[in-house]
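K.L.:
Can you keep this structure in mind? I'll have questions shortly.
The values are calculated or read from the model by the stated rules, or taken from the named source; none is laboratory data. On a predicted model such as this, the values are computed, not experimentally measured, just so you know. Backbone-built Cβ (ideal geometry, glycine too); neighbour counts: all protein chains shown. These area figures cover heavy atoms from the full protein model, side chains too; ligands, DNA and RNA do not enter into them. Shrake-Rupley method; radii C 1.70, N 1.55, O 1.52, S 1.80 Å.
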Amino acid sequence: MSAYVVGLTGGVASGKTEVERRFAALRVAVADADVAAREAVALGSEGLADVVATFGTGVLQADGNLDRARMRQLVFADDDARRRLEAIVHPQVRIRLRAACAAASGPYAIAAIPLLAEGGRGHYPWIDRVLVVDVPRAVQLARLQRRDGIDAVLAERMLAAQVDRDTRLAVADDVIYNDGPLAALDAHVAALDAQYRRLAGARG
């Protein structure tokens, strides 16, 4: 495993992907939980079979793949359904993320985990530091509706399914406040990259 692993998290539509891209551009290995989650329920996977056994064939597309739009509507309208889905997917995601970080080269790696605060740092004892991308709730709502083409009701449900802003900030070692122009992220990420390289060097 890389000598140092940073967990990157933030609420939906906070700008995590933009931050992730900037670390990747600096040649930092990034293991993405969203990618791992898609792999965990890919066609033919054990995870997808478990999802169908739990929710029925109505969550599948005609080609046998998971109907993600249908699944999203289901889990954000029903907390119990969301918890059952998470119980299937999250353990597989953690296994895949740790394996990806173990294979990473470079002084440190990024594990991008949107729901890190929801699950707690205890599920990731191999993460050394947590970086939270933070944004005001009103900005989140506007970005989410614009990005996903959804109405305010579903956007509110999606935010309600996550921990609140204060809870997320409580797990942070570092915070990027992303309520300004995207170009402002460049300097933030460059400074954190230098910091993480120093910390990784000290660990080594």
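K.L.:
Expected output is a single nm value to one decimal: the length gained when fully extending between ARG198 and ALA99, i.e. 0.36 nm times separation in residues minus the C-alpha distance. What is it?
P.N.:
Details: separation 99, 0.36 × 99 = 35.64 nm, distance 2.37 nm.
Contour length minus Cα-Cα distance gives 33.3 nm.
K.L.:
Roughly what angle does helix 16-25 make with the longest principal axis of the chain, taking Cα atoms, 0 to 90 degrees, to the nearest 10?
P.N.:
50
K.L.:
Please report the net charge: other residues with Cβ closer than 15 Å to the Cβ of ALA81, K and R +1, D and E -1.
P.N.:
Numbers: positive: ARG68, ARG70, ARG72, ARG82, ARG83, ARG84, ARG157; negative: ASP50, ASP67, ASP78, ASP79, ASP80, GLU86.
Neighbourhood net charge equals +1.
K.L.:
Using alpha carbons only, how many degrees (0 to 90, rounded to 10) separate the axis of helix 137-148 from the longest principal axis of the chain?
P.N.:
Value to nearest ten degrees: 60.
K.L.:
Residues with beta-carbon under 11 Å from that of LEU154, excluding LEU154: net charge, scoring Lys, Arg +1 and Asp, Glu -1?
P.N.:
Values: positive: ARG72, ARG157; negative: ASP148, ASP151, GLU156.
For residues surrounding LEU154, the net value is -1.
K.L.:
Could you tell me how many degrees, from 0 to 90 and to the nearest 10, lie between the Cα long axis of helix 79-102 and the main elongation axis, the longest principal axis, of the Cα atoms of the chain?
P.N.:
Taking Cα atoms only, the helix is inclined about 40 degrees.
K.L.:
Go ahead and set up a Gaussian network model of the chain, Cα springs under 10 Å, then flag whichever of ALA161, ALA31, ALA87 fluctuates most.
P.N.:
For the chain, modelled as a Gaussian network with Cα springs under 10 Å, the answer is ALA87.
K.L.:
For the range 1-50, what does the accessible surface come to per residue with a 1.4 Å probe? Please give it in Å².
P.N.:
Details: 2080 Å² over 50 residues.
I get 42 Å² per residue for the range 1-50.
K.L.:
May I ask you to derive the FRET efficiency for ALA3 and ASP151 from their Cβ-Cβ distance with R0 = 41 Å, giving the value to the nearest 0.05? Walk me through the numbers on the way to the answer.
P.N.:
Values: r = 46 Å, r/R0 = 1.11.
The computed FRET efficiency comes out at 0.35.
K.L.:
Here is a follow-up. If I histogram all Cα-Cα distances within the range 102-204 using bins 5 Å wide from 0, what percent of pairs lands in each bin?
P.N.:
2, 10, 18, 20, 20, 14, 9, 4, 2, 0
K.L.:
Only Cα pairs within less than 10 Å get springs; with that Gaussian network setup on the chain, which residue of ARG21, ARG146, ARG165 has the largest fluctuation?
P.N.:
Evaluated over the chain, the most mobile residue of the options is ARG146.
K.L.:
I would also like to ask the following. For Cα extents along the principal axes in Å, which listed value, (1) 51, 37, 28; (2) 77, 47, 32; (3) 46, 41, 29, comes from the coordinates shown?
P.N.:
(1)
K.L.:
Another question about this same structure. Which residue fluctuates most in the GNM of the chain (Cα springs below 10 Å): VAL135, VAL89, VAL59?
P.N.:
VAL59
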